[in-house]
Amino acid sequence: MYPFLDIKDKRVDTVLRQAGYEPEKCEIFYSPAQDIYFFWLAMLLLLGFGSIFFVWYYFKLILVYVLLAIPFAEGLNNSFVITESHFVVIRPGFLFKRVVVYELTAITKIKIDQSPMLWALVLFIGFSRNYIEVIADNQTKRFYCVSLRLDAFGENTTEKTMDDFHAALVKHEVAVEFNLD
């Protein structure tokens, strides 16, 4: 892992405390928001070099890009928390803040997969398109975590990966369908 990129989304810890959990006692799989921010920076630099002579146009292009990119990133990145008895999904962003809590015993199955439809959003979210689908109480809900990736042999930007998430669910005896390569 790159230590200078290991930035944890502390908003998740704050939301957990507000919900009555102690973050130190939870297994947290942070959404790697820094991946999105670095991707945006790279896109902005590419846009900048492409339109260096058109400053006003460049400014409007950046403004539109940021206004479109923030909602996509906020809406498609969730963090996941496993406690002794609960599975918590947290989207801490100011636009689409959301906390969903499941009893581990109520979960029938969790599916970890990739959405082919998210390729259309590559300019806003990068190249990952992962999601977690929770099936509990005869209802299915999908939560995106587009930047939480598979283990890349220590080259990840998060401490915990999708592989770690899968192992933690299995440890808590949750049925998991893992469809990532």
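Please treat every number below as a calculation from the coordinates, not as lab data. Just so it is clear, the structure is predicted and the values come from calculations on it, not from any experiment. Here Cβ is always computed from backbone atoms with ideal geometry, including for glycine, and neighbour counts include all displayed protein chains.
Could you work out how much longer the chain between Val66 and Thr105 gets when fully extended? Use 0.36 nm per residue separation minus the Cα distance between them, nm to one decimal.
10.0 nm
Taking the simple approach of a point 7 Å from Cα along Cα-to-Cβ for both Phe94 and Asn179, what is their distance in nm?
Result for the modelled spin labels: 3.6 nm.
Can you pick out the pairs among Lys10/Lys97; Lys111/Lys141; Lys25/Lys171; Lys10/Lys111; Lys10/Lys141 whose Cα atoms lie more than 22 Å from each other?
Violating the 22 Å Cα-Cα cut-off are Lys10/Lys111; Lys10/Lys141.
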